[in-house]
1. Loop-only check: which GluC sites (Glu not before Pro) in the range 114-143 are DSSP coil with at most 13 other Cβ within 10 angstrom?
2. First measure r as the distance between the Cβ atoms of ASN134 and LEU18, then evaluate 1/(1 + (r/R0)^6) with R0 = 30 Å and state the FRET efficiency to the nearest 0.05.
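We did not get these values from a lab; they are worked out from the coordinates using the rules stated. Bear in mind that the values here come from a model prediction, so they are computed numbers and not experimental data. Neighbour counts run over all protein chains shown; Cβ positions are idealised from the backbone, glycine included.
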Amino acid sequence: MDLKEIKELIDVMNEHGLVEIEIEKGGNKIRLKKDYEGKMVPMVLNNKIPEANSANFGQSAAPQATDASSRNKQIKSPMIGTFYRTPHPDSPPFVEVGDIIEPGQVVCIIEAMKLMNEIKSEVKGKIVKIMVNNSDPVEFGQPIFLVEEV
C-alpha cells in the first residue's frame, strides 16, 4: 500500500464515521483505528508505513493511564452506542471484577445502529472496575473498564 491508498482509507473512515478499519490487499494488511481523541493510529501492519506518512501515526492506541499508577489502564468505548456486559440477556457477563483478561478477549458488546460490536481488550490484566452499567448509553472515548496490567 502506498501513501495515497492509506489517505483514501482515512477519508473513507471519516466520511462514514468509522473508528476502525482493516484491509488486506495484495499481501499487504493494514488496520487503522482512531484513538480516544479521534486521531489515526496504525494497529496492525505487515509492511512498513511509507516514511512520508509515519509522522501522522505517532501515538500508540494503548489504553491511557487513569491515575498515578502506570499499571492501571482504561479500556475506552471506541464508539457511541449501548453497552452490554453479556452476549444475550440470559447469558453470564463476558467479564467480572477480578477476572484476568488477555489481549483480544471480548470484554463487552456495544450496540450501534442495530449492530452488535464485540469490544476486545488491548491489554493483559485484571479487571479492577466496571465503569458502566449494563444497557447504559456510552460515548466515544468514554472509559468502560479499569484494568490493572499484569
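1. Working: sites: GLU118, GLU122, GLU139; in loops: GLU122, GLU139.
Sparse-neighbourhood loop GluC sites (Glu not before Pro): GLU139.
2. Working: r = 26 Å, r/R0 = 0.86.
In this case the efficiency is close to 0.70.
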